[in-house]
Amino acid sequence: MRFSRSYKWVLLIVVLFAICIGLRLVVLSLRNDYLEVHRLKLSNRQPAGRWSYLPVHVVEEHHEVLPFWLREAERGRIPKDVTLIHIDGHSDLAINSYLKGYPFFEWPIDGQDINMMMQRNDGFITAAAMAGFIKHVVWVWPEWDHINHNASKSSGTIQLGWTIVQQSSLGAEKDFCMCITDETGQKCMFFSEDETNPEVEMENDLCFVKRSIGFTEIRDDLAVEYLNSIHKNVDIILDIDEDFFGCEYASQPLFDHAVPNIEVLDSFLNQLFCPMNCRKGSG
């Protein structure tokens, strides 16, 4: 009787073991089928340089787009010779200051290099161009800003290089420069630290050019036809700034309708927020 019971337990264990082995084989088979299907899906995907969706990044300051652009270029999803469609009320074509360790017309190799490229809100385009990322800039400007443009459409070349400048407080030092060539001629400049006169014109032969890119500026009502004519032949990044839809100082309505003299308002605000002493502030 004991032997019969032991035999039943052994048989039960063998059956359970066989069931476990069978279930494991079924799971492995299903897993292999899933991996094969997934592999076929991956093999049928588009190359890494193409997208199955349109990635959109929203940033606070314009130069904060640089890490996104450069990261996707490193992954191979964006080529390193793109056309930038820049829809904005401003060209954002200022140039950075040269700093020791700046990636000098080279692709940035780490986060420190990228941080050095992110110096100013209006210098990100030329910084990307210096790194070899952008080959052509199309600036689409709003029709309401026609007073600041001589033509509805113009094009030319932007040359980026370096020069030796004479800064009054720092002496002679190396800095970046830029030459713009269009229908009106050529103008070379570097950017100074003087906010009242940031663009300083210079002799053309003193800017030692390292890289050139194409440049087109076009009014918004003409842009659709132009972009349709080029978009099939180039890789494009679309860059939109809210300034395109309107630029106005927050205090402008107050100045237009309530304050006849802005200097009077400044004098009161100066006493309120910047008192020379406690008695002046409380009075």
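Please determine, by comparing only the residues of region 174-194 that are exposed (fewer than 12 other Cβ atoms within 10 Å of the Cβ) and over 24 Å from the mean Cα position of the chain (by Cα), which one is modelled with the lowest pLDDT.
Taking region 174-194 and keeping what is exposed (fewer than 12 other Cβ atoms within 10 Å of the Cβ), we get 183-185, 193-194.
Next, only the ones that are over 24 Å from the mean Cα position of the chain (by Cα) stay: 183-185, 194.
Values: E183: 86, T184: 86, G185: 89, D194: 68.
Result: D194.
Residues that are more than 20 Å from Y98 (Cα to Cα) and either in contact (Cβ under 8 Å) with a residue 60 or more places away in the chain or part of a strand (DSSP E or B) (or both) within region 188-224 comprise G214, F215, T216, E217, I218, R219, D220, D221, L222, A223, listed in sequence order. Whether any residue in region 60-77 is over 14 Å from I218 (Cα atoms), in contact (Cβ under 8 Å) with a residue 40 or more places away in the chain and loosely packed, with under 14 Cβ neighbours inside 10 Å is what I want to check. The answer is yes, given that some residue of region 60-77 is over 14 Å from I218 (Cα atoms), in contact (Cβ under 8 Å) with a residue 40 or more places away in the chain and loosely packed, with under 14 Cβ neighbours inside 10 Å. Of the conditions (1) of a type outside the set (K, R); (2) under 22 Å from E193 (Cα atoms); (3) modelled with pLDDT under 90, F104 fails just one. Which one is it? Against the list (1) of a type outside the set (K, R); (2) under 22 Å from E193 (Cα atoms); (3) modelled with pLDDT under 90, F104 comes up short only on (3).
Kindly indicate whether I147 is assigned to a loop (DSSP other than H, G, I, E, B), at pLDDT below 95 and among the aliphatic types (A, V, I, L, M). Walk me through how you get there before you give the answer.
Values: assigned to a loop (DSSP other than H, G, I, E, B): no; at pLDDT below 95: yes; among the aliphatic types (A, V, I, L, M): yes.
The answer is no for I147.
What number of residues in region 225-251 are part of a loop (DSSP other than H, G, I, E, B) and either modelled with pLDDT under 90 or exposed (fewer than 14 other Cβ atoms within 10 Å of the Cβ) (or both)?
Taking region 225-251 as the starting set, the residues that turn out to be part of a loop (DSSP other than H, G, I, E, B) are 231-235, 241, 246-251.
Pick out the ones that are also either modelled with pLDDT under 90 or exposed (fewer than 14 other Cβ atoms within 10 Å of the Cβ) (or both) and you get 231-235, 246-251.
Here the count works out to 11.
Taking the conditions exactly as written (assigned by TED's automatic domain parsing to the domain that holds I236 and at positive phi), does G132 satisfy them or not? Answer is yes for this residue.
Among the residues of this structure, I109 does not count as one that is modelled with pLDDT of 90 or more, in contact with a strand residue (DSSP E or B) (Cβ under 6 Å, 6 or more places away or on another chain) and either assigned to a loop (DSSP other than H, G, I, E, B) or not assigned by TED's automatic domain parsing to the domain that holds K210 (or both).
The values are calculated or read from the model by the stated rules, or taken from the named source; none is laboratory data. Note that the structure is predicted; figures quoted are calculated from it, not measured. No Cβ is skipped: glycine too gets one built from the backbone with ideal geometry, and neighbour counts run over all protein chains shown.
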